[in-house]
Amino acid sequence: MLKNIILALFLIGFAGCSQKSEMTHKAHPKPKAMFQSVSEKDAVLVQEGKEKYHCHLCGMNLVKFYKTGYIAEDANRKYQYCSIHCLADHLNQGVELKNPQVINVTTLKPIPVLEAYYVVGSNVRGTMSRVSKYGFSTLEAAKQFQKKHGGEIMDFNGALKEAQKDFQ
């Protein structure tokens, strides 16, 4: 009788293993990519060494959160940020940055922050903030994004002011 129980348990366990292996071979849908993410080959990364792929302030992956990214520099080096939130946080620390740039969502290239149009508060998830902020090089591109995703179009000062609310 004990032999029969052990044999039954063995067969149940074996059957369970074959079902698991069948399940692992079935195709699983790929998770949906985040809007902020790009492929590494499309990302412009300006930091060097072990910091190349990580936000200067929070350490988040710059390729994964690329479309909300910023670049700026001081007298000694270039900095790259995952978001205007982290750029604002760095500015709040009293640093003087020059040449600030935002990643243009359309071309994935950095553009001067004062030349960009920002869509703030769209239904597309932002980075480091509940209120999204995306930069575009043309008003027309910003309007197209706004039409599809909502939000308000503003200049850099307006987007920065919105980001500063995270620290109040």
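Structure notes:
- Cα shape, the range 127-168, gyration tensor, a/c 1.5 rule: prolate
- The ellipsoid equivalent to the alpha-carbon distribution of the range 55-133 has semi-axes of 19, 14, 12 angstrom, derived from the gyration tensor eigenvalues as √(5λ) and listed largest first.
- Taking a straight line from the alpha carbon of LYS52, these aspartates and glutamates sit under 19 Å away, with near neighbours fewer than eight places off in the same chain left out: GLU40, ASP42, GLU73, ASP74.
- Cα-based Kirkwood hydrodynamic radius, the range 26-168, one decimal, Å: 15.3
- Among the GluC sites (Glu not before Pro) in the range 102-168, none is located in a DSSP loop while being surrounded by at most 15 other Cβ atoms within 10 Å of its own Cβ.
- DSSP-assigned coil residues among trypsin sites (Lys or Arg not before Pro) in the range 68-149, each with at most 10 further Cβ atoms within 10 Å: ARG130
- Here's how it looks for LEU62: its modeled amide H is under 5 Å from those of HIS54, CYS55, which are all 5 or more places away or on a different chain.
- Residues with amide H under 5 Å from that of GLU73, placed H, sequence gap 5 or more: TYR79, LYS98
- Shown in residue order for the range 64-73 are the 3J(HN,Hα) couplings computed by the Karplus curve 6.51 cos²θ - 1.76 cosθ + 1.60 at θ = phi - 60°: 5, 10, 5, 5, 10, x, 9, 10, 8, 8 Hz (x for Gly and Pro).
- For the range 92-168, the number of Lys pairs with C-alpha atoms closer than 26 Å, counting only pairs eight or more positions apart or on separate chains, is 20.
- Here the 3J(HN,Hα) profile of the range 101-112, calculated from phi with Karplus coefficients 6.51, -1.76 and 1.60 at θ = phi - 60°, is 9, 10, 7, 6, 4, 6, 9, 6, 9, x, 9, x Hz, Gly and Pro shown as x.
Rule-based calculations on the coordinates, nothing more; no lab input. From a predicted model like this one, the values you see are computed outputs, not experimental measurements. Every residue, glycine as well, gets a Cβ built from its backbone with ideal geometry; the counts of neighbours run over all protein chains shown.
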